[in-house]
1. How high is the relative contact order of the chain, in percent, with contacts defined as C-alpha pairs under 8 Å that are six or more residues apart?
2. Please list, short to long, the whole-number percent of alpha-carbon pairs of the range 1-48 in consecutive 10 angstrom bins beginning at zero.
3. Going by Cα centres, the range 99-114 and the range 4-21 are how many Å apart?
4. If each residue of separation counts as 0.36 nm, what is the full-extension length gain between residue 171 and residue 14 once their alpha-carbon separation is subtracted?
5. Work out, step by step, the length gained on full extension between residue 2 and residue 67: first 0.36 nm times the residue separation, then minus their alpha carbon distance; give nm to one decimal.
6. Against the longest alpha carbon principal axis of the chain, how many degrees, from 0 to 90 and to the nearest 10, is the axis of helix 20-40 turned?
7. Could you tell me the distance between the Cα centroids of the range 122-189 and the range 57-76, to the nearest Å?
8. Fewest to most neighbouring Cβ within 10 Å: what's the order for 138, 155?
């Protein structure tokens, strides 16, 4: 079993060294795979995030949504780590949240239960759906309110642990699938 703290540090260090051409190419590929999955699954209300610190750029999904059939929602986090999701209107209607991340600045809030699928950032994921984030618990608290929504962990392939298990705790929310530049993977629910 891989300790969360060790996985967090290792993956942060690896990810921060990524070069722009790789980030762009992998992010675009992941976004294309994700958009096809959204359409095939008939998801209409989709939660994504604005990338920071060399995360996969899921905001590329916005440009792929030419027909505007999909509504995107993004998190806004307050100083206490409480996360709420708001409808994305345009880049002109964005502001920085308490962590400095771009978030919608409108009042079109959605209840997490009404979101079909969440694309969740993370520093590491394993094949059992366990996730290591930055350690603040913001996403876990929000996802617990989401009911029967589908959770997809988003990472580069090197962040997807296929041959070991990440440390997990009872309050951690497991992903249903993991998406990387190499495809989308259903998790093994055996653990």
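1. The value is 23 percent.
2. So the P(r) values, bin by bin, are 21, 30, 33, 17.
3. 27 Å
4. Details: separation 157, 0.36 × 157 = 56.52 nm, distance 2.66 nm.
Computed gain between residue 171 and residue 14 is 53.9 nm.
5. In short, 19.1 nm is gained.
6. Long axis of 20-40 versus the principal axis of the chain: about 70 degrees.
7. What the calculation gives is 21 Å, centre to centre.
8. Numbers: 138 18, 155 26.
By the 10 Å Cβ count, ascending: 138, 155.
Read the figures in this text as sums done on the coordinates, not as results from a lab. All values derive from a computational prediction rather than experimental measurement. No Cβ is skipped: glycine too gets one built from the backbone with ideal geometry, and neighbour counts run over all protein chains shown.
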